[in-house]
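What follows is a short report on a single structure.
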């Protein structure tokens, strides 16, 4: 790695501009948000994470490669409705999905937990966090995976997912308050946004600011009125995973990775979630969105939540053909491997964040 955080950010943004026209105002907002704290910095800089990753020991960086989430962290989990209308919980952001060592997703979620603890968002001890995350992952691998359908089972998760801060009135009021997008909507994006019931009335198209890592990418939502209530669709521009950029890997076939992950993972798919060559489209609704850790109730069952995150990561990895190799490799690692490597990466990210804030 021969560049600092400033050089890496500039180089990555130039590379990203080869796949879409970034929104300059949003990039400036991203750069400003990166100063806030290490957790926000971490979420916004997966491209830098992918570079720093190579500093870890070979038994971690050289672990069996799987169809991975890539940008895995605490706030990339949420809920959706499956084709039968059941509420499902799991990973809901695959912008950086790629083929990577299975260890990446686990270390990254563990580091997000450490940085969230620094912000007071998580109360669980670091050791409890590591053991719950790894325990869930190992158990799910042994079981062959199982989706989190929140119906007669997983009542504790339902209470977290459907807390009062995700109430429909609050959700739709917030979306409706965004100023209309006055610029032209790209033709293909418009086609995807307007795939709704024919008698739905378009209220407006808005530009959403959400998350941290995707700030700067074109992201539009269309809000409709239909038979007494609202409905909405969102499109977000696609690009290859920053993992490929950091590793100077060939881009051949990158567009097929995401649909293949959704197809092969042990999940109950979201029927409203689709990927085209340039866009990701999904349905927006109070129960079809990510779960913000800051909005969870005080009694949040954190250890169970980290165990569930580990289990869900394995649900994704179980879609890869080399699960047996993952089990074998995992069983051969030192029992403190997750703690040791998460602490190493967290220390590097704190250092990078201090450099960013200092300039």
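Please verify whether residue 240 is within 14 Å of residue 20 (Cβ to Cβ) and either under 17 Å from the mean Cα position of the chain (by Cα) or assigned to a loop (DSSP other than H, G, I, E, B) (or both), treating the condition exactly as stated.
Working: within 14 Å of residue 20 (Cβ to Cβ): yes; either under 17 Å from the mean Cα position of the chain (by Cα) or assigned to a loop (DSSP other than H, G, I, E, B) (or both): yes.
For residue 240, the condition - within 14 Å of residue 20 (Cβ to Cβ) and either under 17 Å from the mean Cα position of the chain (by Cα) or assigned to a loop (DSSP other than H, G, I, E, B) (or both) - is met.
Return the total of residues in region 52-73 being more than 20 Å from residue 326 (Cβ to Cβ) and surrounded by fewer than 24 Cβ atoms within 10 Å (Cβ to Cβ).
3
Can you work out which of the residues in region 286-313 that are in contact with a strand residue (DSSP E or B) (Cβ under 7 Å, 6 or more places away or on another chain) and at pLDDT 90 or above is surrounded by the fewest Cβ atoms within 10 Å (Cβ to Cβ)? Explain how you work it out, then say what you get.
Within region 286-313, the first condition is being in contact with a strand residue (DSSP E or B) (Cβ under 7 Å, 6 or more places away or on another chain), and the residues that meet it are 287-291, 308-309, 312.
Pick out the ones that are also at pLDDT 90 or above and you get 308-309, 312.
Working: 308: 23, 309: 29, 312: 28.
The selected residue is 308.
Given region 108-201, what helices (runs of 4 or more DSSP H) lie entirely inside it while holding 3 or more residues that are more than 22 Å from the chain's Cα centre (by Cα)?
Numbers: elements: 126-143, 155-161, 168-176, 187-193.
Helices (runs of 4 or more DSSP H) meeting the threshold: 126-143, 168-176, 187-193.
Of the conditions (1) more than 15 Å from the chain's Cα centre (by Cα); (2) crowded, with 21+ Cβ neighbours inside 10 Å; (3) under 18 Å from residue 330 (Cα atoms), residue 38 fails just one. Which one is it?
(3)
If I ask for residues that are out of contact with any strand residue (DSSP E or B) (no Cβ under 9 Å at 6 or more places or on another chain) and over 16 Å from residue 95 (Cα atoms), which ones from region 264-284 would you list?
266
Could you count how many residues in region 211-231 are free of Cβ contacts under 8 Å to residues at least 60 places away in the same chain and either surrounded by 22 or more Cβ atoms within 10 Å (Cβ to Cβ) or under 25 Å from the mean Cα position of the chain (by Cα) (or both)?
Going through region 211-231 one residue at a time, the tally reaches 5.
Working only within region 319-336, note down all residues that are in contact with a helix residue (DSSP H, G or I) (Cβ under 7 Å, 6 or more places away or on another chain) and not in a loop (DSSP other than H, G, I, E, B).
Scanning region 319-336 gives 323, 326, 327, 330.
Which of (1) within 16 Å of residue 77 (Cα to Cα); (2) at pLDDT 95 or above; (3) surrounded by fewer than 16 Cβ atoms within 10 Å (Cβ to Cβ) does residue 163 not meet, given it meets every other one?
Result: residue 163 passes all but (2).
Give the residue, chosen from 316, 261, that is part of a helix (DSSP H, G or I), touching a helix residue (DSSP H, G or I) at 6+ places or on another chain (Cβ under 8 Å), modelled with pLDDT under 95 and under 20 Å from residue 82 (Cα atoms). Break it down stepwise before answering.
Numbers: 316 fails: modelled with pLDDT under 95.
When all the criteria are applied, what remains is 261.
Condition first: closer than 30 Å to residue 39 by Cβ and either out of contact with any helix residue (DSSP H, G or I) (no Cβ under 7 Å at 6 or more places or on another chain) or in a helix (DSSP H, G or I) (or both). Now tell me which residues in region 222-235 satisfy that.
234
Quick one: in region 129-148, which of the residues that are surrounded by fewer than 16 Cβ atoms within 10 Å (Cβ to Cβ) and in contact with a helix residue (DSSP H, G or I) (Cβ under 7 Å, 6 or more places away or on another chain) is farthest from residue 73 (Cα to Cα)? Before the answer, list the steps.
Going through region 129-148, the residues surrounded by fewer than 16 Cβ atoms within 10 Å (Cβ to Cβ) turn out to be 135, 139, 142-144.
This time we only want the ones that are in contact with a helix residue (DSSP H, G or I) (Cβ under 7 Å, 6 or more places away or on another chain), so: 135, 139.
Working: 135: 17, 139: 20 Å.
Here the answer is 139.
The values are calculated or read from the model by the stated rules, or taken from the named source; none is laboratory data. Computed from a predicted model, the values in this text were never measured in an experiment. Positions of Cβ are backbone-derived with ideal geometry, glycine not excepted, and every protein chain shown enters the neighbour counts.
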